[in-house]
Amino acid sequence: MTLQTLKSLADALAQKKTSSRELVTDYLARIDARNPAINAFITVDRDGALAAADAADQAIAAGHAAPLTGLPIAHKDIFCTEGVLTTCGSKMLANFVSPYDAHVVSQLKAAGVVSLGKTNCDEFAMGSTNENSFFGPVKNPWNLDRVPGGSSGGSAAAVAAGMIPACTGTDTGGSIRQPAGLCGVTGIKPTYGVVSRYGMVAYASSLDQGGAFAHTAEDCALLLNHMAGFDNRDSTSLERAKEDYVRDLALPLKGLRIGLPKEYFGEGLAADVRGAIENALAELRKLGATTVDVSLPNTHLAIPAYYVIAPAEASSNLSRFDGVRYGHRAADFSDLAELYARSRAEGFGAEVKRRILVGTYVLSHGYYDAYYIKAQQLRRLIAQDFQQALQHCDVIAGPVAPTAAWKLGQMADDPVQMYLADIYTIAVNLAGLPALSTPAGFSAEALPVGLQLIGNYFGEARLLNVAHQLQQTTDWHLRRPGN
Ligand code: GLN
């Protein structure tokens, strides 16, 4: 199969070589064929997609096409979609049909995309493997015994398996970059505040950021053009001029300084992943970039700080699920307190409960200063590390994850081991910086490896430029899994 990018599909539509209905029908057939084994989709909105495709074809025929008119995508099932099930991978919301669209969803709709459905994810985006979904784990298309990464595992696997050319995702501590890396696709997490969180069900509000998955950096840039931008319904949305994320794709890399944090290449990094990253860096040097050693000395504090702050915010955010207004309600209760307790006990899975407990604990009187305030102080130090390092380089590069995709179930009983696998992605969210993952070769077991590129605030266009240039001279992003 030749790689079908949004760009190539948009060209085919513009040249009338195909119609949106034809594209949508084709992708629906691929979902029918591949999803039973991979479980990347929770909801397939067949009728909605075909109706939207017909409307898109009419717009094209009438000369009213918007930039992405007629192109099929899907949304992580954490974005509210009007009239379509929005489950967040949870039993709690297994029956929830959203009455409104998230900002990202409405913006992309206005740009013309056709949504084919909602992709599987870890419950409320909590996880690194997609094993925490009420709807079952997602399988990695490169090897069905392996995890696809998480929490946006469904989005990454759907793109990797060719069930959709591009997909939205969210990244609180790595949930776009890590599954993109483990599934061999491109994924970008923008600067905190660039993409509105309105209608994106909250996990940890000071860390959550929406972003995109696609085969190429160019496609990510095309999507981001319509996802980013000020929205007064999100109080942390940044009020700044709209950017064109495609504008710098063609810039040559000559003179680019890439910082290599020594903490990202030390103990714990698998030799085959290191080898792949070094090959990718060698390619970037061939393209004119130079590399410099930098240090992010507080890297070891990122996981402890994150796993205090994220659960603290989650415990507060998830208090809204009480069985009263929407979502799961226990059948049996004798008073209001019991309604809350039973609905939440039945509706939430084990990992979500674990985080609510941790979060409630670290916020409680007597522990707040010792844990929560301390974690916030570490967060500031971690952000300062990046600013120091970025004085010596334009972008920072390193691995996305310490190993390639591991076996399903391998860490399921060991949450701490699982949290440690987030070592290279989490600090970026604590600092609010933009970062992406681009395919960078394969592991000893022929599983994809992702190269992470981290930029300074609002450096998305530069990151996309570096990844795009790398994708012009390498073919890692073109290789497709058998499944
Ligand atoms: N693995 C991290 C967590 O479990 C990050 C998840 C995310 O980015 N949503 O919290």
Would you mind putting 406-419, 439-452 in packing order, based on average other-beta-carbon counts within 10 Å, highest first?
439-452, 406-419
Checked against the positive end of the charge dipole of the chain (+1 on Cβ of Lys and Arg, -1 on Cβ of Asp and Glu, about the Cα centre), the farthest of 110, 347, 87 is 110
With +1 on each Lys and Arg Cβ and -1 on each Asp and Glu Cβ, and nothing else charged, work out how big the dipole of the chain is about its Cα centre, in Debye to the nearest 20.
400
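Relative contact order for the chain using alpha-carbon pairs under 8 Å, separation at least 6, rounded to a whole percent? Numbers along the way, then the final one.
Values: 1188 pairs, mean separation 87.4, N = 483.
It comes to 18 percent, rounded to a whole number.
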Once every Cα of region 120-277 carries one equal point scatterer and solvent is ignored, give the base-10 log of I(q)/I(0) from the Debye formula at q = 0.09, 0.13 Å⁻¹, two decimals.
-0.32, -0.67
Would you compute, from DSSP H runs of 4+ residues alone, the mean residue ellipticity of the chain at 222 nm, taking -39500 (n - 2.57) per run and dividing by the full residue count, rounded to the nearest 500?
-11500 deg cm²/dmol
A 1.4 Å probe over the protein heavy atoms gives the chain a carbon and sulfur accessible-area percentage of 53
How compact and how long is region 428-467, expressed as Rg and Dmax of its alpha-carbon atoms in Å?
12.1, 36
Based on alpha-carbon centroids, what's the gap between region 304-373 and region 30-44 in Å, whole number please?
31
About its Cα centre, what dipole magnitude does region 244-388 give when the only charges are +1 on Lys and Arg Cβ and -1 on Asp and Glu Cβ, stated in debye to the nearest 20?
260
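Among 7/254; 109/242; 262/407; 91/407; 189/353; 17/189, which pairs are too far apart, with a Cα-Cα distance over 21 Å? Walk me through the numbers before you get to the answer.
Working: 7/254 26 Å; 109/242 18 Å; 262/407 28 Å; 91/407 25 Å; 189/353 27 Å; 17/189 33 Å.
From 7/254; 109/242; 262/407; 91/407; 189/353; 17/189, over 21 Å: 7/254; 262/407; 91/407; 189/353; 17/189.
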Would you mind working out the magnitude of the charge dipole of region 12-157 relative to its Cα centre, with +1 at each Lys and Arg C-beta and -1 at each Asp and Glu C-beta, to the nearest 20 Debye?
260
So the pair-distance distribution of the chain, from every Cα-Cα distance in 20 Å bins, comes to percents of 26, 60, 14, 0
Sorted by packing (mean other beta-carbon atoms within 10 Å per residue), highest first, where do 244-254, 111-121, 43-53 land?
111-121, 43-53, 244-254
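The values are calculated or read from the model by the stated rules, or taken from the named source; none is laboratory data. Here the structure is a predicted model, which means the values were calculated and not measured. Using ideal geometry, Cβ is built from the backbone for each residue, glycine included, and neighbour counts are taken over all protein chains shown. Side chains are part of the model used for accessible areas, which takes the heavy atoms of the whole protein and leaves out ligands, DNA and RNA. Shrake-Rupley method; radii C 1.70, N 1.55, O 1.52, S 1.80 Å.
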